[in-house]
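Visitor: Structure below; questions to follow.
Every number in this text was worked out from the coordinates using simple rules, so none of it is lab data. Note that this is a predicted model, so its numbers are computed, not measured. No Cβ is skipped: glycine too gets one built from the backbone with ideal geometry, and neighbour counts run over all protein chains shown.
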């Protein structure tokens with residue numbers, strides 16, 4: 001089921017032959033300062049690096065070249081995603097569209113690993129254990145301590161969030177469990193009403209969303225890597241099921257905008273962060 005039962009469907013219809021579609025663009029934030037330092041970042045609120053700003057600018061320009069028009073945008077509460085969205089929208093000439101920020105779109109919380117160097121963590125615990133923490137579907141890293149600055153309940157930024165919703169660690173499974181209800185409640189109805197939306201978020205919150213949209217198996221989604229600041233375009237039918245594009249990279253139905261070989265290389269770069 002792609003949206004709640006009883007939801008009234010009112011669509012602005014775009015024809016592709018005899019098929020109907022709704023456009024949705026997903027974009028992972030550009031390189032952050034902690035990505036640059038090869039640290040586990042999670043909910044830590046670091047900004048984009050200079051390279052990340054350039055990536056976001058390039059992502060916006062390529063959307064401008066293809067004449068994307070958005071009625072609204074969604075992003076997380078974290079500045080690296082906020083900055084990516086702002087830079088891309090400015091490159092598009094659409095900086096004034098309404099933006100909704102939601103903690104449900106935050107990156108996966110990496111627990112006690114947050115702030116640690118990825119390669120040093122591999123050296124200490126071994127590549128097999130780190131890959132389980134980093135890439136398994138339902139095994140989270142060790143929890144952060146209750147007095148840790150990385151525990152969201154200790155961060156004034158999340159004073160609005162009930163303590164029981166503040167994670168001490170997360171797996172991709174538990175990340176999905178907050179992303180998909182937000183999709184059903186706050187995103188799907190807007191798409192069905194005819195809005196063209198862009199979502200700027202994070203590697204794991206976007207992996208959770210595409211797992212759901214494309215019905216990707218658990219053992220396949222763990223191997224999926226999403227490159228930074230490359231727009232991923234989905235065309236959805238009236239049931240919000242993806243329509244496979246001829247340029248899509250399996251297991252995704254959506255297409256990445258840009259030079260396809262360069263995008264493949266960037267995907268490999270994400271994969272190799274702990275090698």
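Visitor: So what's the stretch 14-274 giving for Cα Rg divided by 2.2 N^0.38 Å, two decimals? Spell out each step's value before the answer.
Guide: On the way: Rg = 17.6 Å, N = 261, 2.2 N^0.38 = 18.2 Å.
For the stretch 14-274, the normalised Cα radius of gyration is 0.97.
Visitor: If the stretch 127-237 were replaced by its equivalent ellipsoid, with semi-axes equal to the square roots of 5 times the Cα gyration tensor eigenvalues, what would those be, largest first, whole Å? Provide the component values of the computation, followed by the final result.
Guide: Working: eigenvalues 137, 83, 29 Å².
Semi-axes from the Cα gyration tensor: 26, 20, 12 Å.
Visitor: Restricting to DSSP H runs of at least four residues, report the calculated mean residue ellipticity at 222 nm for the chain, -39500 (n - 2.57) per run over all residues, nearest 500 deg cm²/dmol. Write out the running numbers ahead of the final one.
Guide: Numbers: 10 runs with 95 residues, N = 275.
Helices in the chain give a 222 nm mean residue ellipticity of -10000 deg cm²/dmol.
Visitor: Please list the three semi-axes, largest first and in whole Å, of the ellipsoid equivalent to the stretch 173-275, using sqrt of 5 times the eigenvalues of its alpha carbon gyration tensor.
Guide: Values: eigenvalues 102, 56, 30 Å².
Over the Cα atoms of the stretch 173-275, the ellipsoid semi-axes are 23, 17, 12 Å.
Visitor: Right, another one. Please identify which residues in the stretch 105-129 have an amide N closer than 18 Å to a label point set 7 Å out from the Cα of residue 145, following the Cα→Cβ vector.
Guide: Answer for the stretch 105-129: 110-117.
Visitor: With a point put 7 Å past each Cα toward its Cβ, work out how far residue 135 is from residue 99 in nm, to one decimal.
Guide: Each label point is offset 7 Å from its Cα along the Cβ direction, giving 3.4 nm.
Visitor: With a Förster radius of 41 Å, plug the Cβ-Cβ distance of residue 174 and residue 237 into 1/(1 + (r/R0)^6) and report the FRET value to the nearest 0.05. Write out the running numbers ahead of the final one.
Guide: Values: r = 29 Å, r/R0 = 0.71.
Efficiency at R0 = 41 Å is approximately 0.90.
Visitor: Can you figure out the FRET efficiency of residue 50 with residue 268, using R₀ = 25 Å and their beta-carbon distance, to the nearest 0.05? Don't skip to the answer; put the middle values down first.
Guide: Details: r = 22 Å, r/R0 = 0.90.
Between residue 50 and residue 268 the formula returns 0.65.
Visitor: Build a GNM of the chain with springs between Cα atoms under 10 Å: which of 42, 60, 93 gets the top mean-square fluctuation?
Guide: Largest GNM mean-square fluctuation: 93.
Visitor: Calculate how steeply helix 50-65 sits against the longest principal axis of the alpha-carbon atoms of the chain, using the helix alpha-carbon long axis, and give the answer as 0 to 90 degrees to the nearest 10.
Guide: So the helix axis and the longest Cα principal axis differ by about 10 degrees.
Visitor: So, one more: Assuming R0 = 51 Å, what is the FRET efficiency of residue 71 and residue 154, from their Cβ-Cβ distance, to the nearest 0.05? Provide the component values of the computation, followed by the final result.
Guide: On the way: r = 37 Å, r/R0 = 0.73.
The value I calculate is 0.85.
Visitor: From zero up to wherever the largest Cα-Cα distance of the stretch 49-189 sits, split into 10 Å bins and tell me the percent of pairs in each.
Guide: Final binned percentages: 11, 31, 33, 22, 4.
Visitor: Could you give the angle, 0 to 90 degrees to the nearest 10, between helix 172-182's Cα long axis and the longest principal axis of the Cα atoms of the chain?
Guide: 40
Visitor: Compute the long axis of helix 260-271 from its Cα atoms, compare it with the longest principal axis of the Cα atoms of the chain, and write down the angle in degrees, 0 to 90, nearest 10.
Guide: Helix 260-271 sits roughly 30 degrees off the main axis of the chain.
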